[in-house]
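K.L.:
One structure follows; several queries about it will come next.
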(Lines give C-alpha, C1' and ligand atoms only; values in the text may rest on other atoms or scores of the structure.)
Protein backbone atom coordinates (compact mmCIF):
# COMPACT_ATOMS: atom_id res chain seq x y z
CA UNK A 1 0.00 0.00 0.00
CA UNK A 2 1.23 3.45 -0.89
CA UNK A 3 2.18 5.69 2.07
CA UNK A 4 0.68 8.73 0.35
CA UNK A 5 -2.74 7.12 0.48
CA UNK A 6 -2.37 6.44 4.21
CA UNK A 7 -1.29 10.01 4.94
CA UNK A 8 -4.25 11.42 3.01
CA UNK A 9 -6.61 9.07 4.83
CA UNK A 10 -5.21 10.18 8.19
CA UNK A 11 -5.49 13.86 7.24
CA UNK A 12 -9.10 13.42 6.12
CA UNK A 13 -9.96 11.65 9.39
CA UNK A 14 -8.30 14.43 11.40
CA UNK A 15 -10.23 17.07 9.46
CA UNK A 16 -13.59 15.29 9.82
CA UNK A 17 -13.07 14.65 13.53
CA UNK A 18 -11.97 18.21 14.23
CA UNK A 19 -14.83 19.66 12.17
CA UNK A 20 -17.48 17.66 14.01
CA UNK A 21 -16.05 18.82 17.33
CA UNK A 22 -15.79 22.51 16.43
CA UNK A 23 -18.89 22.97 14.27
CA UNK A 24 -21.47 23.11 17.12
CA UNK A 25 -19.45 25.81 18.86
CA UNK A 26 -19.26 27.87 15.68
CA UNK A 27 -22.95 27.49 14.88
CA UNK A 28 -24.27 28.35 18.33
CA UNK A 29 -21.63 30.62 19.82
CA UNK A 30 -23.95 33.63 20.25
CA UNK A 31 -27.29 31.95 20.89
CA UNK A 32 -28.91 29.10 22.77
CA UNK A 33 -28.95 25.79 20.87
CA UNK A 34 -32.31 24.31 19.90
CA UNK A 35 -34.09 21.86 22.21
CA UNK A 36 -32.96 18.66 20.41
CA UNK A 37 -29.29 19.69 20.72
CA UNK A 38 -29.74 20.51 24.41
CA UNK A 39 -31.44 17.13 24.89
CA UNK A 40 -28.51 15.35 23.25
CA UNK A 41 -26.06 17.32 25.39
CA UNK A 42 -27.74 16.04 28.53
CA UNK A 43 -28.46 12.43 27.66
CA UNK A 44 -26.01 11.37 24.98
CA UNK A 45 -22.89 10.82 27.15
CA UNK A 46 -24.61 8.43 29.61
CA UNK A 47 -26.23 6.56 26.71
CA UNK A 48 -22.87 6.13 24.98
CA UNK A 49 -21.27 4.94 28.23
CA UNK A 50 -24.05 2.38 28.71
CA UNK A 51 -23.62 1.10 25.17
CA UNK A 52 -19.85 0.80 25.68
CA UNK A 53 -20.33 -1.16 28.92
CA UNK A 54 -22.69 -3.63 27.27
CA UNK A 55 -20.39 -3.90 24.25
CA UNK A 56 -17.38 -4.64 26.44
CA UNK A 57 -19.30 -7.28 28.43
CA UNK A 58 -21.00 -9.03 25.51
CA UNK A 59 -18.24 -11.58 24.86
CA UNK A 60 -17.66 -12.72 28.44
CA UNK A 61 -17.62 -16.50 28.74
CA UNK A 62 -19.16 -17.31 32.11
CA UNK A 63 -18.55 -21.05 31.67
CA UNK A 64 -14.73 -21.05 31.63
CA UNK A 65 -12.08 -19.72 33.96
CA UNK A 66 -11.91 -16.87 35.11
CA UNK A 67 -15.70 -16.71 34.63
CA UNK A 68 -15.76 -13.01 33.70
CA UNK A 69 -14.48 -11.91 37.10
CA UNK A 70 -11.92 -9.53 35.54
CA UNK A 71 -14.52 -7.66 33.50
CA UNK A 72 -17.14 -7.59 36.23
CA UNK A 73 -14.64 -6.39 38.83
CA UNK A 74 -13.41 -3.66 36.47
CA UNK A 75 -16.99 -2.44 36.00
CA UNK A 76 -17.45 -2.50 39.78
CA UNK A 77 -14.24 -0.47 40.26
CA UNK A 78 -15.48 2.03 37.66
CA UNK A 79 -18.80 2.44 39.45
CA UNK A 80 -17.23 2.77 42.89
CA UNK A 81 -14.64 5.30 41.75
CA UNK A 82 -17.26 7.35 39.97
CA UNK A 83 -19.56 7.37 42.99
CA UNK A 84 -16.67 8.51 45.19
CA UNK A 85 -14.93 11.05 42.94
CA UNK A 86 -17.63 11.99 40.36
CA UNK A 87 -14.95 12.15 37.67
CA UNK A 88 -15.52 10.20 34.45
CA UNK A 89 -11.92 10.31 33.26
CA UNK A 90 -10.49 9.15 36.58
CA UNK A 91 -13.04 6.34 36.82
CA UNK A 92 -12.47 5.09 33.28
CA UNK A 93 -8.67 5.33 33.27
CA UNK A 94 -8.21 3.84 36.74
CA UNK A 95 -10.60 0.97 36.03
CA UNK A 96 -8.91 0.32 32.67
CA UNK A 97 -5.54 0.20 34.42
CA UNK A 98 -7.03 -2.13 37.05
CA UNK A 99 -8.49 -4.40 34.36
CA UNK A 100 -5.24 -4.55 32.40
CA UNK A 101 -3.40 -5.30 35.63
CA UNK A 102 -5.74 -8.21 36.27
CA UNK A 103 -5.36 -9.52 32.72
CA UNK A 104 -1.55 -9.21 32.79
CA UNK A 105 -1.25 -10.79 36.24
CA UNK A 106 0.13 -7.73 38.02
CA UNK A 107 -1.82 -8.55 41.16
CA UNK A 108 -0.85 -12.23 41.29
CA UNK A 109 -4.37 -13.45 40.54
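The values are calculated or read from the model by the stated rules, or taken from the named source; none is laboratory data. As the structure is a prediction and not an experimental result, all values here were calculated from the model. Note that each Cβ is placed from the backbone with ideal geometry, even for glycine, and that neighbours are counted across all protein chains shown.
K.L.:
Can we say residue 51 is part of a helix (DSSP H, G or I), surrounded by fewer than 13 Cβ atoms within 10 Å (Cβ to Cβ), without any contact (Cβ under 8 Å) to a residue 40 or more places away in the chain and out of contact with any strand residue (DSSP E or B) (no Cβ under 9 Å at 6 or more places or on another chain)?
P.N.:
Answer is yes for this residue.
K.L.:
Let me ask something else. Could you grab the pairs with beta carbons closer than 7 Å, sequence gap of 6+ or different chains, first residue in segment 74-90 and more than 15 Å from residue 45 (Cβ to Cβ), second one modelled with pLDDT of 95 or more and outside any helix (DSSP H, G or I)?
P.N.:
Final answer for the pair search is none.
K.L.:
Can you name the residue in segment 77-109 that is part of a helix (DSSP H, G or I) and more than 16 Å from the chain's Cα centre (by Cα) and, of all such residues, is surrounded by the most Cβ atoms within 10 Å (Cβ to Cβ)?
P.N.:
Per the criteria, the residue is 102.
K.L.:
Follow-up. Which members of segment 22-40 meet the condition of being surrounded by fewer than 10 Cβ atoms within 10 Å (Cβ to Cβ), part of a helix (DSSP H, G or I) and modelled with pLDDT of 85 or more?
P.N.:
Correct list: 26, 35, 36.
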